[in-house]
Structures are given as structure tokens and as C-alpha cells.
Amino acid sequence: MNKFITAYYNDEEDLLKGIKMMKSNGVEPLDVLTPFPVHGLDKALGLKRSRLTRVAFVGGVVGGLVGFFFQAWVFTKAYPLNFGGKPFFAVPSFMPVTFEMTVLFAAFAMVIAFFVHNKLGPGAKPVIHDERVTDDRFLLVFDIWEKDEKEVSNIQMALTNAGAQGIQLKA
Amino acid sequence: MYVSPIREPLIRGNKNYSQVTKDILSPMAGKPSKYWYMGIALAGAAALMGAWASYETVFNGIGTWGLNKTIGWAWDITNFVWWVGIGHAGTFISAILLLFRQKWRTSINRSAEAMTLIAIACAGFFPLIHMGRLLLGFFIFPYPNTRDLWVNFNSPLLWDVFAISTYFAVSLIFWYVGLIPDIGTVRDKATNKIRKAIYGFLSFGWTGSARHWSRHETISLVLAGLAAPLVLSVHTIVSFDFATSVIPGWHTTIFPPYFVSGAIFSGFAMVLTLLIVARKALHLEDYITVNHIESMNKIIILTGSIVGIAYLTEFFMAWYSGVEYETYAFFNRAFGPYAWAYWIMMTCNVITPQLFWFKKIRTSLVATFIISIFVNIGMWFERFVIVVTSLHRDYLPSSWTMYKPTLVEVGLYVGTLGLFFTLFLLFIRVFPVIAIAEVKSVLKSSGENQKHAHHE
Amino acid sequence: MQGHKVFNLKPSNYSAMDNQSFTLSKKLVTISMVMVAIGIVSLAYGYFAGLGPGRIAANILLNSFYFLGIALVGLFFVAVHAIAESGWQVSVQRIGEAMSSFIPVAGILLLLLFGLGGMSALYEWTHEEHLDAILLKKVAYLNVPFFMIRFVIYFAGWILLAHLIKKTSRKLDQHGDMFYFNRLRMLSAIFIVFYAITSVTSSWDWLMSIDAHWFSTLYGWYVFSSMLASGIAVLIIILIALKNMGYMTHVNPEHVHDLGKYLFGFSIFWAYLWFSQYMLIWYANIPEETIYFYTRLKYFDNIFFLNLILNLVVPLFILMTRNSKRMFSVLLPVSIIVFIGHWIDMYQIIMPGVVGKEAGIGLLEIGLTIGFIGLFSLVIFYSLSKAPLVPKNHPFYKESIKYHTNY
């Protein structure tokens, strides 16, 4: 079991100010839980831009190639059949399915990567620090598992100074 | 984010975050109202009629339908296209309006997307039932088999299989990914243990972590970027079903964009029909405001006018082309035996939406509701006109004939309407009808009380 | 109507540097004049080298129409954002307004072309004594008097609406008054309705009737999508040029990003319509329709595929990432490529019908296009110098300046 300190704000602007103040005191939160995506929070926490877009790109390329070459293989090698005098290698005819496969693979690759990367999924058992996080609270979480008492009280001091409310120590 | 003071607020009343949660979750709480029971009884009865009609079709065969030697496609394909079209608004709102950063979409995207999924399910029912042997429906997918046969990749009907199933799958994950944070809210607000466990499972372990939100925003945006061309592609491919043929009135190059526009047009009409009732019944007037209705009405004018221009272009080009079959097909549409259907289509799709140029009508709920029903009817007749009038008199006058639906066909259509409303009513009880987190994210910039606080 | 409410947005708070107006430098005028001279010289070359009236008329039509389309898209850009009530574009709105000042110039050039014998060189249907059975059916639409009446209607409407929209936009800037804001919206709506119809019919008149037997219902929208992509490309090029001259300091990467997204999106939209038209004609394989692509694939095959590479493949793959849409060093070359690409598109629309397989890209084509670029930039930059570059009192100005998004 981990040990945490949690504290919350009631407003996202106070949260951003609070994080800034604590960072200047050298205290970094483990995580920040918010009811909605807060504009500017990524920057305040120094989060990098997600690379999931690359997964989507690779997925799309794979899907498109699979879609196109599968059709080409079926029509030129596996079972060439004359449909309405069209050429066997009928590129315009292959485009719709190629496009759909591109989108399908890109979307699914990215969403699956999103779930795996975030460790989200059916049956995931998260630690719920505060049930009002999904309602109206902006919660800061600090990991204190390997911290001594002095550091813990430092964090608590910093939180009080930064105007956080409901500071709790959870074992 | 700064928002100009002259913009109308998107969320009315004195709200804070907790109030938003409470308001939006309220339709799910407690026992359903008696209107809900009445609604679901009515919709269920309609669905039962569909069950009877399906039984007739499967056990007695397609002969129970009114099809004949030249009109091999009529009622079922009309309904298929109509439902697919309705299924375009949800993803349009979520994807294209997200890319264009129209904030008003946050209040309506969730229910519109749910409607999309249900409408696609209703649409999918028609190709499936028209195969007659439902159990062999999987033949439409390319899979390795002992007969060494593959599907025909040259056929627009097969492209449809890919387009519709991709559209359904991608819309589903798009909808669900957006829903996960809100399911987290439902989970944390649940007092009952079983309810908590179920929503806990469905929430995929959502905690609202900043990292998760950051990635969530990224994938929502990329999904929107993928879904936007996907929406266009689906009705484009549906239009290819007709336009790749050489039937007069079907083979015309304007079909793809014109079908897409018509689909969004009919989809918004259905969203309006549903939401005007739902906002009242669920007491969500502060979230789905007259402002939202007005914005949707503007899209109705836009897409309706595009459709109108396409009708006129087709008509002009039928004459300009100098092809006598083409000219006759359009003359026959407007003045032949199905002229009544044509003029219903023209009135409902081209004339009535133009009333929305008047601000009074655009902001009137009653007028909007009536016009939205007109558009639904008009768009149904559009497909009927395209399908039936082109087929009933083609190149060979000796084969000219007429078409009339049978009770079984009507039953199938009524059945899908029943299915649609049943599933929508269930959706209202099971999931939040408005995207809670998204509304909260615009509350500060576009909420009524917040705007006052900032600018006075 | 909210009446004559004046807003108090105190523009001076935001940036002192925004108070800029563009001055037309001597250097810019000289360069443009030299380009125009090149154009005139190459036209003279075309005449004396005996390239034939068809090729000369086709080149004038190509460039006049191409730059007319770009000018109209400038106005469309302003109008469509006015009715959508979006805010970000306010920072670059003046460029769109300036682009529209080329409309009357293009009108005069086309009038000269059609008036001075260009019509018989361009349009088969004007040879009334030689009409075949199919063209005889079309006489009610394709005849010279009606053609000229439509011409006058198009230009009268465009010029009038462009003038009113520009005037109202400047009034709005001077007074910051809701009255002008609402009027701008109304005028924009009128323009969009008018343009929606006339952009289609004018492309039938001037371009599709070159191949008088052929028809395609999608044609007007296809041409419109081509205009959209090239218009946005030119808007970006002008913006970057102004930035390089030290203006438009208020435009930040977010605005550039949005323009980049437009260029990306409209390029895909163009390709979508291209595919829809090509695929349906290819698939149905009806002779009177396929003839159009048959000639293009047989005698113009390089141009045919170049069209797709420049206008789809390049923007699709280069502008896919976020960063490339935000960097001028990427966006500028792509915009130039798209600008050239849609010129090529117009070329493959016009040349096969007028000139046939003898067509080519030589001194005349390149020189005349340079001349048009010079003329266009002269008109645009002159127009830009006539009004402040930044519409400071626009109600959405602050929204536009403070514009920031996560994506």
C-alpha cells in the first residue's frame, strides 16, 4: 500500500496558482485529479504532448496497405473475375475500402494504445482518493511512501501556504 | 480562454460545477416519470410490429413485399438510406464541430452520438432483412472459405459493408471514449452498491488524472480528425450504390456531396425533434438553450440550401446534357405518377427550411419542432423519389410499372422507428445525456453567471 | 438587434505594435510592375510567334479565372466567418478583404477577352452555323446574349457585395458598433447565397462550356473546391509576405495553425470531389462522359497525375503533423506548391478543350502567369495600404488576439 497526502481546490484557477507556488517551493505533486481537462494544466505540470498520434499514423498506414493489397491480391491473383469489363487491377474501385480500413485501423490502434498506456480498461481498480474529483474538486496527490516526517510536514506546510483545502494524510 | 462579451451564454442560470453534475445526472436518478413509461410502451408496441413483419419476411419470403420486375429496390433501401442519413448528425456534431471549435456542441454531442449509433443499427437492419436468410448474413464479409470465393470489391454494395461497419465501430469508440469520464462521475455519485460496481466496471477505472486528461484530449481530437472524413465517406459510398449505375436519375456526379449534405440535414432535423422534447421532459433547458436550437437551425438552412442547389443542378443538367433518358427521368419525377412524392420532397426540403432565415422562426421552439418533422418527412421522400421514380420507368417502356408498399414493409419501417425510440429512451436512463465534463470545461467562459462575474 | 451599443474594449491595452498600417514600398511596386511587363511581353511573344488565338485566349481565361477565384475566396473567407461568428480570423481578415479587390480587375480582363474575339476561339458553341444536334438542344442556355447577361449579373453582384462588405467592415472598425456587426453578418449571408449559385453557374459558363457536349453535375463544386484550396494558399502566402516585411505582428502560431488546417482540409476536400467525379465517370463508363477523361489521360497524362501529386499528396503528407502547420518554413513552400498545383488543375480543365494535344507550357504560359501575379500583388497590396491592417475595434478582436487552444 502506498501512502499519500491529498489536498483539494474548488476552482481551477486557484489550482493552477497553487501548483505554481508549490513548484517554486520545490514540491511536485504525484498527480492532479480534475473533473474536466483544465486549460493550462499540462503546461503547469510540464506534461509532454502525447505521442498517441504516431500510433494512429502507423495504424492508418498499416490499415491502408492491408486494405489495398488484399483487394489487389484477391482480384489479380486469388480469384480474378471480370466485373462489367473493369480491369482486374481496378485502382479507383479499391479506394473506398482502402480508405475505410485506414480509418478503422488508425482509430482502433490509437484507442487501444490509449487504454493500455493509461492502464485503463474494464475491471481496472483505481485508487479513488476523493469521490468529488469527478464532480467539482481539483485534487492534488503526493506520494509520501519513501519520505520522512520532515519532508511530509514540508509538503503539508507548502499546501497550507498555497491555499489548498482539506489536507489529508492517507496510509 | 477569452470569450467576447457579445456572445450569448451557452449555459443559463446560476451554476457551479456541482450543480452541473446534479442537473445532468437528474434524469437518471429515481424512478422514471409516467411519460417515460408511456413513451417506451408506445415505442415497444411499434417494435413489436417490426418483429411481426420480420417474421413474415423471413418465413414467407421477400414475396411479402411489394417489389416487382423492375422495382427490385424500394422501401427497404429508402429506409436504409434514411436511417444512415439520420446517423450522420451525431458524428458531424462531435467531429466536425469539434474541429471547428464550435463550443455549443458540448451540450448536444452526447445524445446526438447515441442517436447516431441507434440510427446506424436501424439502418443495418434493412440490408440484413432483405437477404432473406439472416443466418447467412456473414457472407458479405471477406473471409477464407472452402469455396475459395472472395467478395466483389468492385461493388459499391460491398463498399457499403466496410463503410457502415467502420462508421459504426469508430462512432462507438468515439462515443464511449467521451463517455468514460462521465461514467466515472456516475460511479462516484452512486449510492447503491450494485450500481457503483456496474458503473465502476464501465468507467474503465477513470480517475481524472491530469495525464489521462491530456491524452484523452489528444485522442479525442485525432478521432475527430479521423471521423470527419469518415462521415463524408459513409454517405458518399451510399450514394455510389446509385451513382455508379447507368440508370437515369441515379448516375450523376453530384451525388456524393449532395447525399452527404442531405444526410447532415436530416440528421440535424432528427436531433432537433428529439432534443426539443427531451430538454423539456428532462428539465435541461439551461443546457440546451434556444441558442443551441438556433445554431442547429442555421446548419439546417445551410445543408438544406445545398440540397436545394443540388436538386436544381440535377434538373438543369438533365436538360443541358441533351440525353433524352435523363431528361425524361426528371420530367417524370416532377410531373409523372409519383409527382406527389416529388413535390412533398421539394416543399419539405427546399421551401420550409428557408423559413429559418427569419430569426423569429429560428428561435421559436414550436416552429422548429414542426419544421424538423417536415424535414424528416421530406428527406424520407427524397430517397423514395430517387429510388422508385428512377426504377419504375427506365429504358424499356414495355417494363414500366408502379410500386406500392405492403403492410409487411410498412411494419418493418414502423418497427425500426420503435426500436429507435426504445433504445433512445433506455439510453436516457442509463447514461448522462449531456457531456458533463465538456460542459464544465466551457462553464467559465460561456456560463451565464460566470460571464457576469468576469465582465461587470 | 442590440441597438447602437458601443463597446469599450480599449484596444491600446493589448499591444502598441498593432497600431500599424501598411505602406506600399517602392520596391514592391517596382517588382510588381516588372512582373506585369513580363506578362505583356510574353503575350506579345505569343501573338508574334503565331501560337494561335486559341492558345492565347485560353491563357488569358486561365489566369483571369484563376485569380478571380482566389479573389472571391478572399471575400468568402470574410463572409463565412462573419456568419459563423467565429473570432480567430479577425486578425487576418484584412487580407481576405484586400484579395477581393481583384474582382473588378478580373472582370475587366474577362470582358476584354470576351469582347475582343476571345469567345469564338474558346467556345465551340458560339459558331452558330456549325452546331450539331446536341449543341442545338443547348442553344437556350449557350448563346452569346444570355452568356453576356449572366456575365454582367455575376460581376455586378460580386463587385457590389465586395464593396459593401469591405465598407461595413471598415465602419465596424471605426465605430465598434453592433449595428455594423449585424449588417456585416447580413451582407455576408447575402453574398454567400449569391456566390453559392454564381460560383457554380459561372464555372459552367466559362469553363464547362469549353467542352460543350460534355456535362457533369458536380463540376461547379469541383471548381469551387479548387478555388478554396488555392485561395487559402494565397492568403497564407500574403500573410507570410507581410510578416517578413515586419507587419502583422499580432498573428501568432495559433492563427497560422488554423490557416494550415484549412489548407490541409480543403486540399483533402478537393481530392474528395476530384475522386467522386472521376470515379463515377470511370465506373459507369458512358462514352459521352468518359471522353472528357479520355483526352486528358491520353494527351495530358503527366499533367493529370501531377495535378493529384501537387494538390493532394504533398499537402496530405507534409501538413499532417501539428508542427508543420505552425511553421512558416514548411507552410510557405506547401502553399506555393498548392498554388502552382491548382494552376495546373485549371490548365488541365481549359487546355484540352481549347488547344487540344498541341498545348504545352512554354514562355507564353509562364510569362503571362508571372504577369498576373504581378498585377494581383499590385492590386492587393495597394488595397491593403488603404485600411489599417488590424481591425482593432472588431468585437471579436480581443478574442482573436488572446487566441490560444490546446490543439
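Taking the listed residues B:304, B:322, B:308, the one that is without any contact (Cβ under 8 Å) to a residue 12 or more places away in the chain and either within 14 Å of chain C (Cβ to nearest Cβ) or surrounded by 21 or more Cβ atoms within 10 Å (Cβ to Cβ) (or both) is B:322, with no other qualifying.
Looking only at residues in the range B:233-264 that are under 17 Å from residue B:379 (Cα atoms) and in contact with a Pro (Cβ under 8 Å, 6 or more places away or on another chain), the one that is farthest from the other protein chains (Cβ to nearest Cβ) is B:235. If you take the residues of the range B:33-59 that are polar (S, T, N, Q) and part of a helix (DSSP H, G or I), which of them is farthest from residue B:277 (Cα to Cα)? Here the residue is B:57.
Take residues that are at pLDDT 90 or above and farther than 21 Å from residue C:241 by Cβ and tell me which of the helices (runs of 4 or more DSSP H) falling wholly in the range C:7-102 contain 1 or more.
Working: elements: C:26-48, C:52-84, C:93-99.
Answer list for the range C:7-102: C:26-48, C:52-84.
When residue B:171 is tested against the conditions (1) without any contact (Cβ under 8 Å) to a residue 40 or more places away in the chain; (2) within 11 Å of chain A (Cβ to nearest Cβ), the lone failure is (1).
Condition check ((1) of a type in the set (Asp, Glu); (2) part of a helix (DSSP H, G or I); (3) over 17 Å from residue C:61 (Cβ atoms)) across all residues:
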site: C:125; (1), (2), (3): no, yes, no
site: C:135; (1), (2), (3): no, yes, yes
site: C:142; (1), (2), (3): no, no, no
site: C:145; (1), (2), (3): no, yes, yes
site: C:168; (1), (2), (3): no, yes, yes
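For the range B:412-433, indicate whether the set of residues that are over 21 Å from residue B:380 (Cα atoms), touching a helix residue (DSSP H, G or I) at 6+ places or on another chain (Cβ under 7 Å), within 14 Å of another protein chain (Cβ to nearest Cβ) and at pLDDT below 90 is non-empty. No, the conditions are met nowhere in the range B:412-433.
Exactly one residue out of B:194, B:198, B:219 is at the interface with another protein chain (Cβ under 9 Å from one of its Cβ atoms) and in a helix (DSSP H, G or I): that is B:219.
Report the residue count in the range C:265-291 for those that are among the hydrophobic types (A, V, I, L, M, F, W, C), within 22 Å of the chain's Cα centre (by Cα) and over 17 Å from residue B:231 (Cβ atoms). Write out each step before concluding.
The first filter runs over the range C:265-291 and keeps only residues among the hydrophobic types (A, V, I, L, M, F, W, C), leaving C:266, C:268-271, C:273-275, C:279-282, C:284, C:286, C:291.
If we keep only those that are within 22 Å of the chain's Cα centre (by Cα) as well, we get C:266, C:268-271, C:273-275.
Within this subset, residues satisfying the condition of being over 17 Å from residue B:231 (Cβ atoms) are C:270, C:274.
Of the residues in that region, 2 qualify.
Identify all residues within the range B:115-150 that are at the interface with another protein chain (Cβ under 8 Å from one of its Cβ atoms) and touching a helix residue (DSSP H, G or I) at 6+ places or on another chain (Cβ under 7 Å); write none if there are none. B:150, the sole residue that qualifies.
The condition (being out of contact with any His (no Cβ under 8 Å at 6 or more places or on another chain), over 26 Å from residue B:24 (Cα atoms), touching a residue at least 12 places away in the same chain (Cβ under 8 Å) and more than 8 Å from chain A (Cβ to nearest Cβ)) is satisfied by just one residue among B:179, B:226, B:230, B:157: B:157.
Just to verify a result, which residue in the range B:334-389, among those that are out of contact with any Gly (no Cβ under 9 Å at 6 or more places or on another chain) and hydroxyl-bearing (Ser, Thr, Tyr), is nearest to residue B:73 (Cα to Cα)? Going through the qualifying residues, I end up with B:338.
Here residue A:64 passes the criteria (1) modelled with pLDDT of 85 or more; (2) more than 11 Å from chain B (Cβ to nearest Cβ); (3) under 26 Å from residue B:180 (Cα atoms) except the one numbered (3). Here is a check on your reading of the model: is residue A:150 exposed (fewer than 13 other Cβ atoms within 10 Å of the Cβ), at the interface with chain B (Cβ under 7 Å from one of its Cβ atoms) and of a type in the set (D, E, K, R)? So residue A:150 fails the test.
Checking residue C:232 against (1) of a type in the set (A, V, I, L, M); (2) buried (at least 24 other Cβ atoms within 10 Å of the Cβ); (3) farther than 21 Å from residue C:262 by Cβ, only one condition comes out false. Which one? Going through (1) of a type in the set (A, V, I, L, M); (2) buried (at least 24 other Cβ atoms within 10 Å of the Cβ); (3) farther than 21 Å from residue C:262 by Cβ one by one, residue C:232 breaks only (3).
Over 20 Å from the mean Cα position of the chain (by Cα) and within 14 Å of chain A (Cβ to nearest Cβ): which single residue out of B:359, B:440, B:404 fits that description? Walk me through it before giving the result.
Numbers: B:359 fails: within 14 Å of chain A (Cβ to nearest Cβ); B:404 fails: within 14 Å of chain A (Cβ to nearest Cβ).
Every option except B:440 fails the conditions.
Specify the residue that is surrounded by the fewest Cβ atoms within 10 Å (Cβ to Cβ); the eligible residues are those in the range A:112-121 that are part of a loop (DSSP other than H, G, I, E, B) and out of contact with any helix residue (DSSP H, G or I) (no Cβ under 6 Å at 6 or more places or on another chain). Give the steps one after another, and end with the answer.
So the first thing to find is which residues in the range A:112-121 are part of a loop (DSSP other than H, G, I, E, B), and the list is A:119-121.
Within this subset, residues satisfying the condition of being out of contact with any helix residue (DSSP H, G or I) (no Cβ under 6 Å at 6 or more places or on another chain) are A:119-120.
Details: A:119: 11, A:120: 21.
The residue in question is A:119.
Would you confirm whether or not the range C:143-160 contains a residue that is surrounded by fewer than 22 Cβ atoms within 10 Å (Cβ to Cβ) and among the hydroxyl-bearing types (Ser, Thr, Tyr)? Looking through the range C:143-160, none of the residues is surrounded by fewer than 22 Cβ atoms within 10 Å (Cβ to Cβ) and among the hydroxyl-bearing types (Ser, Thr, Tyr). The condition of being in contact with a helix residue (DSSP H, G or I) (Cβ under 7 Å, 6 or more places away or on another chain), surrounded by fewer than 22 Cβ atoms within 10 Å (Cβ to Cβ), more than 7 Å from every other protein chain (Cβ to nearest Cβ) and assigned to a helix (DSSP H, G or I) holds for only one of A:20, A:43, A:77, that being A:20. Across the range B:325-352, the qualifying residues are those that are in a helix (DSSP H, G or I) and touching a residue at least 60 places away in the same chain (Cβ under 8 Å), and the one among them that is nearest to residue B:293 (Cα to Cα) is B:349.
On the stretch given as the range C:294-328, residues that are surrounded by fewer than 17 Cβ atoms within 10 Å (Cβ to Cβ) and within 14 Å of chain B (Cβ to nearest Cβ) total 4. Within the range A:91-108, is there a residue that is buried (at least 17 other Cβ atoms within 10 Å of the Cβ), more than 9 Å from every other protein chain (Cβ to nearest Cβ) and not in a loop (DSSP other than H, G, I, E, B)? Yes: the range A:91-108 contains one or more residues that are buried (at least 17 other Cβ atoms within 10 Å of the Cβ), more than 9 Å from every other protein chain (Cβ to nearest Cβ) and not in a loop (DSSP other than H, G, I, E, B).
Matching residues to (1) touching a residue at least 60 places away in the same chain (Cβ under 8 Å); (2) more than 14 Å from chain A (Cβ to nearest Cβ); (3) closer than 22 Å to residue B:436 by Cα:
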position	(1), (2), (3)
B:8	yes, yes, yes
B:11	yes, no, yes
B:15	yes, no, yes
B:25	yes, no, yes
B:36	yes, yes, no
B:39	yes, yes, no
B:42	yes, yes, no
B:52	yes, yes, no
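Residue-by-condition table, conditions (1) touching a residue at least 24 places away in the same chain (Cβ under 8 Å); (2) charged (D, E, K, R); (3) in contact with a His (Cβ under 9 Å, 6 or more places away or on another chain):
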{"site": "A:128", "(1), (2), (3)": "no, no, no"}
{"site": "A:136", "(1), (2), (3)": "yes, yes, no"}
{"site": "A:153", "(1), (2), (3)": "no, no, no"}
{"site": "A:158", "(1), (2), (3)": "yes, no, no"}
{"site": "A:166", "(1), (2), (3)": "yes, no, no"}
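In the set (1) modelled with pLDDT of 85 or more; (2) in a helix (DSSP H, G or I); (3) in contact with a helix residue (DSSP H, G or I) (Cβ under 7 Å, 6 or more places away or on another chain), residue A:69 fails one condition alone, (3). Can you pull out every residue in the range A:14-49 that is among the polar types (S, T, N, Q) and either in contact with an Asp or Glu (Cβ under 8 Å, 6 or more places away or on another chain) or assigned by TED's automatic domain parsing to the domain that holds residue A:91 (or both)? Answer for the range A:14-49, where residues must be among the polar types (S, T, N, Q) and either in contact with an Asp or Glu (Cβ under 8 Å, 6 or more places away or on another chain) or assigned by TED's automatic domain parsing to the domain that holds residue A:91 (or both): just A:34.
The values are calculated or read from the model by the stated rules, or taken from the named source; none is laboratory data. Not measured: the values here are computed from a predicted model. Cβ sites come from the backbone with ideal geometry, for glycine too, and all protein chains shown count toward neighbours.
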